[in-house]
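No value in this document is a laboratory result; all are computed from the given coordinates. Worth saying up front: this structure is predicted, and the values here are computed from it rather than measured. Note that each Cβ is placed from the backbone with ideal geometry, even for glycine, and that neighbours are counted across all protein chains shown.
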Amino acid sequence: MNTKLLTSIIYATVFACAFAGEGSKLSDEALRKRFLEVRNLVDSQGPLKSVGEEKVLLTEFGTPTRWGIIFRSDDLEATLNPFSGRIISLDMRHKKNPATAKPRMKEEQAKAIAESYIRKLGSALHPNMKVIHKAFDPSTGRWNFAWQRHIDKYPFPEETIFIAVNDADERLSAFKDRTTDRRCPTKPVIEEEKAKASAELRIKAVLPEMFGKDYKIGTVSRGILQIVYPNGRYLPQDNPGTGSPESKWRPRLVYSFDFTFDYIGSSDLRIATPPVAVWVDALIGDVVGGL
């Protein structure tokens with residue numbers, strides 16, 4: 001069998017298993033009805049022009065977490081969950097707003113309008129959602145807001161809700177909901193120093209491959225406890241972690257350590273070495289990825 005085809009079949013099977021809990025898919029008619037509801041909500045004028053193929057959607061860190069199907073009209077692109085009809089993202093194609101130094105609305109007024117849109121779109125700002133960004137962008141004339149999900153007291157950077165509202169006419173401009181209802185244990189078992197040692201050992205092993213032999217670890221930050229989806233980064237290619245592929249898409253509590261690097265060679269030619277983050281599972285002490 002063709003290797004590429006076989007790989008596609010394997011991934012499709014794994015994805016199907018990972019999202020098996022979604023239930024039955026909605027009919028084409030039900031999804032079109034849902035798109036029309038959303039179109040009316042955001043005052044879109046264009047009729048439905050096209051429906052994209054159903055596909056697995058990734059988080060900003062590259063983790064597959066849900067299915068999506070794209071509906072397009074002249075002035076609107078909406079991504080729907082084919083199982084629930086939930087709105088995953090919206091992009092309004094309005095004419096660009098004129099740049100303005102000062103907004104018409106106050107921040108709290110814009111935030112209230114943004115929260116109202118979020119509720120109408122079927123998402124929720126539970127107490128575990130914390131505001132991480134709120135600002136007016138004079139170059140676009142939009143108010144931008146973002147909330148980050150927490151599991152218990154720990155931040156979950158990959159699960160956020162983002163929304164943009166036009167200041168001039170209070171219309172929705174963009175929306176993206178990356179949240180799920182997945183949970184994980186949140187009581188650390190491994191001590192921070194032990195987790196740090198595990199992270200340092202792993203980075204020392206891959207450092208020559210990352211930057212070359214003339215670099216060493218510079219500084220290592222304190223470990224920050226947060227929730228992540230493991231991605232296997234900094235692990236050997238032939239041993240990207242244990243467990244089934246779909247188990248890696250379940251959130252875990254980790255210590256996140258930031259590493260910087262120093263050049264110890266003698267050449268004037270050297271590469272830039274940006275800091276990296278390494279994740280160590282706070283329950284078992286294994287490196288499970290990073291950025």
Any chance you could get the radius of gyration and Dmax over the Cα atoms of the range 192-290, in Å? 14.1, 45
If you take the beta carbon distance between residue 134 and residue 74 as r and set R0 to 22 Å, what does 1/(1 + (r/R0)^6) give as a FRET efficiency, to the nearest 0.05? 0.10
When the helix-only estimate is applied to the chain (DSSP H runs of n ≥ 4, each -39,500 (n - 2.57), divided by the residue count), what is the mean residue ellipticity at 222 nm, nearest 500 deg cm²/dmol? -7500 deg cm²/dmol
By average Cβ neighbour count within 10 Å, what is the ranking of 117-125, 270-278, 164-172 from highest down? 164-172, 117-125, 270-278
Residue-ordered couplings for the range 49-57, obtained by feeding phi - 60° into the Karplus form 6.51 cos²θ - 1.76 cosθ + 1.60 and rounding to whole Hz (Gly and Pro as x), are 9, 7, 10, x, 6, 5, 8, 7, 9
Size descriptor, Kirkwood hydrodynamic radius, that averages inverse alpha-carbon separations across the range 110-266, Å: 18.6 Å
Using a cut-off of 13 Å between beta-carbons, work out the net charge of the residues near residue 225 (Lys and Arg +1, Asp and Glu -1, residue 225 not included). +1
For the chain, Rg(Cα) over 2.2 N^0.38 Å is 1.17
By average C-beta atoms within 10 angstrom, highest first, the peptides 220-228, 29-37: 220-228, 29-37
